[in-house]
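> Shown below is the structure under consideration.
Where a number appears in this text, it was derived from the coordinates with a stated rule and is not lab data. Predicted, not measured: the structure shown is a model, and the values here were computed from it. Cβ sites come from the backbone with ideal geometry, for glycine too, and all protein chains shown count toward neighbours.
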Amino acid sequence: MKKSAGALREAEVPFALGGGIACWARGGPETDHDVDFLVRPGDAEDALATLAAVGMRPERPPEGWLYKAWDDACHVDLIFETTAGPVTDEIFERSDEIEVHAVRMAVASLEDVLVAKLLALNEQSLDYRPVLEISRALREQVDWDELRERTAESPYAAAFFTLVERLDIAPLP
């Protein structure tokens, strides 16, 4: 993460830390997954080239919404489109500047991370554990009304809200 963040910052490629590690940076549960950086679609190629220039192996997987950069067994996901849509200026505006492992960087808002995770839930992928862990650990930091509004169309998000309300993690609307 430090190597990638430093390289992107030096190359002046805007990015925000996303995913589970963004939640961890705010005091949430520890994560041992990859590092997720959010980049605008127009910056994705530059971001990948920047990481390749510092010795990481670039990959353009078939999914079409992210690139990957590998450094030994570790990898960075350069995400330019989430389940909520393309990475936009608004995501960067909602991010906070936080020091993560002694490196200051933009960190995606909890609401942006949780919206993406909730909208990714479907019949084939219905694991509430990560969003419940994040919600329990960071409940005081979540804007529950905003989260409800931004995920209102998802029946899986509606089920999540039933869980967090009945478990006294989130307040009733």
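> Can you tell me which lysines have their Cα less than 18 Å from the Cα of Lys68? Leave out same-chain residues fewer than eight positions away.
Candidates past the 8-residue exclusion: Lys2, Lys3.
> Which of rounded, prolate, oblate describes region 45-173, given a ≥ b ≥ c as roots of the alpha-carbon gyration tensor eigenvalues and a/c under 1.5 marking rounded, otherwise prolate only if a/b is larger than b/c?
prolate
> Next question. Per 0.36 nm of contour for each residue apart, how much would the distance between Arg129 and Gln141 grow if the chain were fully extended, relative to their Cα-Cα spacing?
My answer for the length gained is 2.5 nm.
> Now for a separate question. Rounded, prolate or oblate: which fits region 109-173 when a ≥ b ≥ c are the square roots of the eigenvalues of the alpha-carbon gyration tensor, with rounded for a/c under 1.5 and prolate only if a/b beats b/c?
rounded
> In debye to the nearest 20, how big a dipole does the chain give about its Cα centre with +1 on each Lys and Arg Cβ and -1 on each Asp and Glu Cβ?
About 320 debye.
> Let me check against my output: what whole-number percent is the relative contact order of the chain, with C-alpha pairs under 8 Å and at least 6 apart?
Averaging sequence separation for qualifying contacts and normalising by length gives 20 percent for the chain.
> So if I take the alpha carbon set of region 1-92, get Rg, then get Rh from the Kirkwood formula, what is the Rg over Rh ratio?
0.93
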